[in-house]
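Everything below concerns the one structure shown next.
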Amino acid sequence: MADYKAPVKDMQFILENISRMPQLAQLATFEDATPDMISAILEEAGRVSAEVIAPTNVVGDEQGVKLENGTVKIPDGFAQAYQQYAEGGWGSLQFDPEYGGQGLPYSLSTSVMEMWQSANMSWGLCPLLSQGAVEALYLNGSDELKNAYLPNMVSGEWTGTMNLTEPGAGSDLSVIRSKAVPEGDHYLISGQKIFITWGDHEMADNIIHLVLARLPDAPAGVRGISLFLVPKFLVSENGELGERNDVEVASLEHKLGIHASATCVMAFGENAGAVGYLIGQEGKGLACMFTMMNNARLAVGLQGVAISERAYQQALWYAGDRTQGKAVGFKEEGPILRHADIRRMLMTMKSFTEAGRALAYDACGSLDFAHALEDKELAGKEKARAAYLTPIVKGWCTEVAQEVTSLGVQIHGGMGFIEETGAAQHFRDARILPIYEGTNSIQALDLVGRKTLSDNGVAAESVMEEISVALAQASESARFKEAAGKMQSALDVAKSVTAQLLSESADNEYFSGAVAYNYMMMMGTLCGGWQLLRSGVAAEDKQAQGDSDPYLEAKQLTALFYVDQVLPRYLSYSAVVTTGSDSIMAFTDEHLEAAFS
Ligand SMILES: Cc1cc2nc3c(=O)[nH]c(=O)nc-3n(C[C@H](O)[C@H](O)[C@H](O)COP(=O)(O)OP(=O)(O)OC[C@H]3O[C@@H](n4cnc5c(N)ncnc54)[C@H](O)[C@@H]3O)c2cc1C
């Protein structure tokens with residue numbers, strides 16, 4: 001089985017050339033983000049992820065988590081890995097120094113987060129959700145709450161969770177039933193939440209649950225939902241941990257993958273009521289939670305990249321190790337890596353992974369600019385850009401992770417289906433990604449609805465304009481001219497399909513829902529090509545300046561491969577969008593059951 005090695009060179013290249021780190025470091029907010037600082041952080045995080053966290057991945061999958069006497073028992077090595085993570089200050093990189101953070105760019109912390117997710121996705125979910133909880137509290141909480149909770153959450157001494165889902169409320173959170181009854185300076189929370197990631201564990205001293213619930217007199221629907229902070233252990237005024245709050249793990253789910261992540265059914269207020277504190281205003285809970293969910297959606301897209309990277313490294317190692325047959329052009333038997341079809345699969349894995357990485361980091365870079373730019377108009381544009389790219393990062397990167405991890409299994413032949421190589425674990429673990437943090441159906445609907453139809457296509461047009469500029473630049477290079485031409489054809493189709501989306505959705509209420517998935521995949525395929533072409537051109541420039549690192553040649557070949565072998569998929573996605581909704585909506589419930597009724 002291959003060890004994990006963080007792709008530090010690629011991360012650094014993308015931060016520098018795609019997510020605009022050098023320009024970011026010129027802004028006062030991020031002046032500490034110097035190349036030396038970034039390099040030191042990535043190298044050290046790479047070491048910790050490879051030496052401390054990655055070795056817990058297989059053992060975690062084998063041992064899983066167990067509920068014993070109401071407490072979640074975690075696999076061997078998890079607590080020690082978490083301790084090193086917290087002591088290293090890894091959870092605080094991007095947060096406000098006022099609460100103990102290091103004030104570094106989010107895009108930098110994103111590359112570090114990718115390493116934790118590649119090393120062990122089950123374990124990595126704990127920091128991932130904690131960081132989302134910090135963000136939600138930081139942006140929406142009162143000073144009193146922030147002072148009481150943020151320092152320990154930023155330092156990693158306490159972890160955070162997100163409690164949205166209930167048995168009757170999954171994709172549709174407007175029907176949440178958990179209750180919050182005002183009592184003095186707090187509320188008493190009761191109700192059941194399901195599927196709560198790391199709802200309990202012994203890695204940290206306290207767990208801070210962010211819980212959506214409804215006040216007794218709240219209106220029905222989304223406007224009646226508020227957000228509450230519910231600590232596992234109550235915290236006294238002087239910051240000491242006190243009594244256990246009325247929140248318990250009722251049971252743990254048995255899952256297809258991420259066996260080592262505790263997915264808990266949580267019972268709030270079974271006795272006196274769980275003490276909770278309002279975050280933000282009453283009735284604005286979903287909006288507050290969205291600050292966490294947006295962060296988490298980008299992070300889940302990043303998990304798609306991370307698990308793809310891990311699967312690629314495993315497949316590459318196996319393809320170099322396994323000898324089978326004589327490849328064309330060779331006289332003797334050799335590694336399967338020599339076969340053209342294995343190379344096709346490896347290159348597909350690699351190009352999807354690097355395209356997704358560039359796209360995810362680029363979106364996070366926009367959030368950094370939105371935060372640091374003084375010019376409000378420019379900051380607003382960066383925010384809108386990140387918002388537009390978010391469902392593509394979440395939806396497309398996690399969809400392609402299914403293909404990448406499946407190819408990883410395929411490259412192993414029969415051994416891919418056998419657990420001991422680890423390829424199967426990546427495939428199983430990846431399967432959750434299109435489901436949680438809003439299923440990919442919901443991401444696709446977000447992209448076509450809120451992000452495209454609602455603003456009459458302005459955000460889409462702006463991203464497509466950026467792609468045009470990148471293509472103009474790429475076409476000046478002899479090496480990328482033809483690829484830029486192919487991308488131009490894809491861009492032209494995307495523009496006309498977007499125009500069709502805008503016009504047909506006005507007349508046909510079924511249109512946008514029926515085409516959303518294929519539209520998202522078309523935009524993802526196009527954006528992947530955009531990012532790889534930008535990367536290829538930047539690599540060519542560096543090469544022209546005398547840098548002979550083979551990584552730069554590989555980067556260019558990866559871009560050319562993607563444009564030739566992956567980009568043409570936009571044709572089938574766009575063709576499906578243009579056929580509209582009729583063939584889907586013609587099917588009634590009766591037709592679905594016709595063969596066996
Ligand atoms: C391992 C795991 C960890 C999780 N962690 C957390 C967590 O930490 N906190 C938390 O709150 N939740 C968590 N979840 C819950 C997760 O976010 C939900 O499972 C997800 O949002 C989908 O909700 P659901 O399961 O109720 O599916 P449903 O909403 O019942 O959806 C079923 C199917 O219908 C589709 N569908 C539903 N509505 C629409 C629509 N309007 N248009 C088109 N298609 C639609 C969905 O896309 C899906 O394919 C986790 C789930 C799992 C499995």
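The values are calculated or read from the model by the stated rules, or taken from the named source; none is laboratory data. The model shown is predicted, which means the values in this text are computed figures rather than measured ones. Backbone-built Cβ (ideal geometry, glycine too); neighbour counts: all protein chains shown. The accessibility values were calculated without ligands, DNA or RNA, using every heavy atom of the protein model including side chains. Shrake-Rupley method; radii C 1.70, N 1.55, O 1.52, S 1.80 Å.
If Met347 satisfies all but one of (1) more than 19 Å from Asp446 (Cα to Cα); (2) open to solvent by 10 Å² or more (accessible area, probe 1.4 Å); (3) under 19 Å from the mean Cα position of the chain (by Cα), what's the number of the condition it fails?
Just one mismatch for Met347, condition (3).
Would you please name the residue that is nearest to the ligand (Cβ to nearest atom), looking only at residues in segment 424-450 that are within 20 Å of Ala387 (Cβ to Cβ), over 16 Å from the mean Cα position of the chain (by Cα) and surrounded by fewer than 24 Cβ atoms within 10 Å (Cβ to Cβ)?
Top of the filtered list is Leu445.
(1) in a helix (DSSP H, G or I); (2) over 25 Å from Phe268 (Cβ atoms); (3) open to solvent by less than 20 Å² (accessible area, probe 1.4 Å): which one isn't true of Leu104, the others all being true?
(1)
Among the numbered criteria (1) more than 16 Å from the ligand (Cβ to nearest atom); (2) more than 30 Å from Leu316 (Cα to Cα), which single criterion is violated by Glu420?
(2)
Out of all the residues in segment 512-549, which are open to solvent by less than 10 Å² (accessible area, probe 1.4 Å), touching a Leu at 6+ places or on another chain (Cβ under 8 Å) and either without any contact (Cβ under 8 Å) to a residue 60 or more places away in the chain or closer than 19 Å to Thr579 by Cβ (or both)?
Val515, Ala516, Tyr519, Met520, Met523, Thr525, Leu526 - these are the residues of segment 512-549 that are open to solvent by less than 10 Å² (accessible area, probe 1.4 Å), touching a Leu at 6+ places or on another chain (Cβ under 8 Å) and either without any contact (Cβ under 8 Å) to a residue 60 or more places away in the chain or closer than 19 Å to Thr579 by Cβ (or both).
Can you work out which of the residues in segment 264-276 that are touching a residue at least 60 places away in the same chain (Cβ under 8 Å) and either in a loop (DSSP other than H, G, I, E, B) or open to solvent by 50 Å² or more (accessible area, probe 1.4 Å) (or both) is nearest to Ile442 (Cα to Cα)?
Selected residue: Gly269.
Touching a Phe, Trp or Tyr at 6+ places or on another chain (Cβ under 8 Å), open to solvent by 20 Å² or more (accessible area, probe 1.4 Å) and in contact (Cβ under 8 Å) with a residue 24 or more places away in the chain - does that describe any residue in segment 5-18?
yes
I want to confirm something. Restricting to segment 233-263 and keeping residues that are in contact with a Lys or Arg (Cβ under 7 Å, 6 or more places away or on another chain) and either open to solvent by less than 60 Å² (accessible area, probe 1.4 Å) or modelled with pLDDT under 95 (or both), which single residue is nearest to the ligand (Cβ to nearest atom)?
Thr263
State the number of residues belonging to segment 170-189 that are more than 22 Å from Ser130 (Cα to Cα) and open to solvent by 10 Å² or more (accessible area, probe 1.4 Å).
Number of matching residues: 13.
Take Ala2 and decide whether it is modelled with pLDDT under 95 and surrounded by 15 or more Cβ atoms within 10 Å (Cβ to Cβ).
yes
So how many residues does segment 500-536 have that are within 16 Å of the ligand (Cβ to nearest atom) and not β-branched (Val, Ile, Thr)?
The total comes to 13.
Can you find a residue that is away from the ligand (no atom under 13 Å from the Cβ) and over 21 Å from Gln83 (Cα atoms) anywhere in segment 194-212?
Checked segment 194-212: no residue is away from the ligand (no atom under 13 Å from the Cβ) and over 21 Å from Gln83 (Cα atoms).
Which of the following residues is open to solvent by less than 10 Å² (accessible area, probe 1.4 Å), part of a helix (DSSP H, G or I) and small (Gly, Ala, Ser): Ala50, Ala86, Ala81?
Ala81
Got at least one residue in segment 179-193 being closer than 20 Å to Leu125 by Cα and either within 13 Å of the ligand (Cβ to nearest atom) or touching a His at 6+ places or on another chain (Cβ under 8 Å) (or both)?
Scanning segment 179-193 turns up at least one residue that is closer than 20 Å to Leu125 by Cα and either within 13 Å of the ligand (Cβ to nearest atom) or touching a His at 6+ places or on another chain (Cβ under 8 Å) (or both).
Let me confirm something: among Pro167, Pro127, which residue is out of contact with any Gly (no Cβ under 7 Å at 6 or more places or on another chain) and either closer than 26 Å to Gly438 by Cβ or within 16 Å of the ligand (Cβ to nearest atom) (or both)?
Pro167
Which numbered condition trips up Gly283, out of (1) open to solvent by 10 Å² or more (accessible area, probe 1.4 Å); (2) touching a residue at least 24 places away in the same chain (Cβ under 8 Å); (3) assigned to a strand (DSSP E or B)?
(3)
From the set of residues in segment 550-580 that are closer than 19 Å to Met347 by Cβ and outside any helix (DSSP H, G or I), which is most open to solvent (accessible area, probe 1.4 Å)?
Pro568
Based on what the data block shows, is Ala363 within 16 Å of the ligand (Cβ to nearest atom), open to solvent by less than 10 Å² (accessible area, probe 1.4 Å), in contact with a helix residue (DSSP H, G or I) (Cβ under 9 Å, 6 or more places away or on another chain) and within 18 Å of Leu128 (Cβ to Cβ)?
no
Looking at segment 452-467 only, could you name the residues that are of a type outside the set (A, V, I, L, M) and either in contact with a His (Cβ under 6 Å, 6 or more places away or on another chain) or open to solvent by 30 Å² or more (accessible area, probe 1.4 Å) (or both)?
Of everything in segment 452-467, those that are of a type outside the set (A, V, I, L, M) and either in contact with a His (Cβ under 6 Å, 6 or more places away or on another chain) or open to solvent by 30 Å² or more (accessible area, probe 1.4 Å) (or both) turn out to be Ser454, Asp455, Asn456, Glu461, Ser462, Glu465, Glu466.
If you take the residues in segment 146-169 that are among the small types (Gly, Ala, Ser) and more than 19 Å from Ala133 (Cα to Cα), which one is most open to solvent (accessible area, probe 1.4 Å)?
First pass over segment 146-169, keeping only residues among the small types (Gly, Ala, Ser): 148, 155-156, 160, 168-169.
Then keep just the ones that are more than 19 Å from Ala133 (Cα to Cα); that gives 168-169.
On the way: Gly168: 66, Ala169: 0 Å².
Out of the qualifying residues, it is Gly168.
Look through Leu302, Leu316 and report the one residue that is open to solvent by less than 20 Å² (accessible area, probe 1.4 Å) and touching a residue at least 60 places away in the same chain (Cβ under 8 Å).
Leu302
Taking the condition buried (at least 16 other Cβ atoms within 10 Å of the Cβ) and of a type in the set (A, V, I, L, M, F, W, C), does Phe596 pass? Explain how you work it out, then say what you get.
Values: buried (at least 16 other Cβ atoms within 10 Å of the Cβ): no; of a type in the set (A, V, I, L, M, F, W, C): yes.
Answer is no for this residue.
Hey, does segment 63-73 have a residue that's part of a helix (DSSP H, G or I) and more than 28 Å from Asn147 (Cβ to Cβ)?
Taking every residue of segment 63-73 in turn, at least one turns out to be part of a helix (DSSP H, G or I) and more than 28 Å from Asn147 (Cβ to Cβ).
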